[in-house]
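S.K.: A single structure is presented below for examination.
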Amino acid sequence: MNLIFRSKYINPDKPDNNGQTPLSWATMNGHDGVVKLLLGRRDVSSDRPDNCGRTPLLWASQNGRDGVVKLLLELKDICPDWRDYRGQTPLSRAAWNGYDGVVRLLLERKDINPDMIDNYGQTPLSWAAWNGHDGVAKLLLAREDVSPDRPDLYGQTPLSWAAGSGCAGVVKLLLAREEVSPDRPDNGGQTPLSWAASGGHDAVVKLLLGREDVNPDKADNRGQKPLSWATRGGHGRVEELLFKAGKR
């Protein structure tokens, strides 16, 4: 590798058809040694985005490359809050995939907005909630500058995303927060309970029905109630839970 870099005929920062440079590929795959060699070159840009607006730091964060992330964050010319073509940052990408270690490293930076919204209005917490990453959700919820009930462009909150995905662990974390409205409808009128019911997630349904401030009979904009969604999906266990709740 050193011999290749010494050749005057080699451009160590040349992008491919997708705009990705050798550094991008090395960071994506977690090759710390190659990354160090490339970063030691004056003719290599450490923060060059590809055609999708993804920088080496974003690629490293998305793939959980803790070691590479550390190396890149030590550089002065790195933008740790860079947004790609979807408006997603290294933090939101790491949160999406549940990389606790990378999330910790990024949250140590003062120049990062941990509640940054992407083009769809979703935050790192939204992505962690949707994919059921309890550890990442805990890290984000420990921050005072992270809103636990922030709706996206569709009116869905982290709780509704977690409920719809059946992520009971994240649902518990969110329900423990006073700022979270457990019965908040999205733009279509669906509540976290109706999302959980439509997916047949009985554990989440139990958690939500355990709240006095959740209406088990609340209809959405099309007149569909949680029980209707459960019936439509053939979720017998959820139907039983909702039927009992409606008789209380």
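S.K.: Any residue at all in region 163-182 that's surrounded by fewer than 21 Cβ atoms within 10 Å (Cβ to Cβ) and within 17 Å of N113 (Cβ to Cβ)?
M.R.: No: region 163-182 contains no residue that is surrounded by fewer than 21 Cβ atoms within 10 Å (Cβ to Cβ) and within 17 Å of N113 (Cβ to Cβ).
S.K.: Take the conditions in contact (Cβ under 8 Å) with a residue 12 or more places away in the chain and assigned by TED's automatic domain parsing to the domain that holds V204 and apply them to V171. Does it pass?
M.R.: Yes.
S.K.: Among residues belonging to region 26-37 that are surrounded by fewer than 20 Cβ atoms within 10 Å (Cβ to Cβ) and touching a Phe, Trp or Tyr at 6+ places or on another chain (Cβ under 8 Å), point out the one that is farthest from G101 (Cα to Cα).
M.R.: L37
S.K.: Among the residues of region 133-158, which ones are part of a loop (DSSP other than H, G, I, E, B) and under 18 Å from T191 (Cα atoms)?
M.R.: P148, D149, R150, P151, D152, L153, Y154, G155, Q156, T157, listed by residue number.
S.K.: In addition: Checking L193 against (1) under 30 Å from K70 (Cβ atoms); (2) crowded, with 20+ Cβ neighbours inside 10 Å; (3) touching a Pro at 6+ places or on another chain (Cβ under 6 Å): exactly one of these is not met. Which one?
M.R.: Unmet for L193, out of (1) under 30 Å from K70 (Cβ atoms); (2) crowded, with 20+ Cβ neighbours inside 10 Å; (3) touching a Pro at 6+ places or on another chain (Cβ under 6 Å): (1).
S.K.: Could you go through region 226-244 and let me know if any residue there is surrounded by 14 or more Cβ atoms within 10 Å (Cβ to Cβ) and closer than 21 Å to Q122 by Cβ.
M.R.: no
S.K.: Go over the candidates L71, L153, L105, L139 one by one and state the one that is over 22 Å from M28 (Cβ atoms), at pLDDT 95 or above and buried (at least 18 other Cβ atoms within 10 Å of the Cβ).
M.R.: Sole residue among the options that is over 22 Å from M28 (Cβ atoms), at pLDDT 95 or above and buried (at least 18 other Cβ atoms within 10 Å of the Cβ): L139.
S.K.: Related question: Any idea how many residues of region 70-111 are among the charged types (D, E, K, R) and under 12 Å from R54 (Cβ atoms)?
M.R.: 4
S.K.: Which pairs have Cβ atoms under 8 Å, sit 6 or more apart or on different chains, and link a residue in region 211-232 that is more than 11 Å from A197 (Cα to Cα) to one that is surrounded by 15 or more Cβ atoms within 10 Å (Cβ to Cβ) and β-branched (V, I, T)?
M.R.: V214/T191; N215/T191; K218/T191; D220/T191
S.K.: Hey, another quick one. Just the residues that are in a helix (DSSP H, G or I) and farther than 12 Å from A196 by Cβ, please, taken from region 238-248.
M.R.: E239, E240, F243, K244, A245, G246
The values are calculated or read from the model by the stated rules, or taken from the named source; none is laboratory data. These numbers come from a predicted model, not from an experiment. Backbone-built Cβ (ideal geometry, glycine too); neighbour counts: all protein chains shown.
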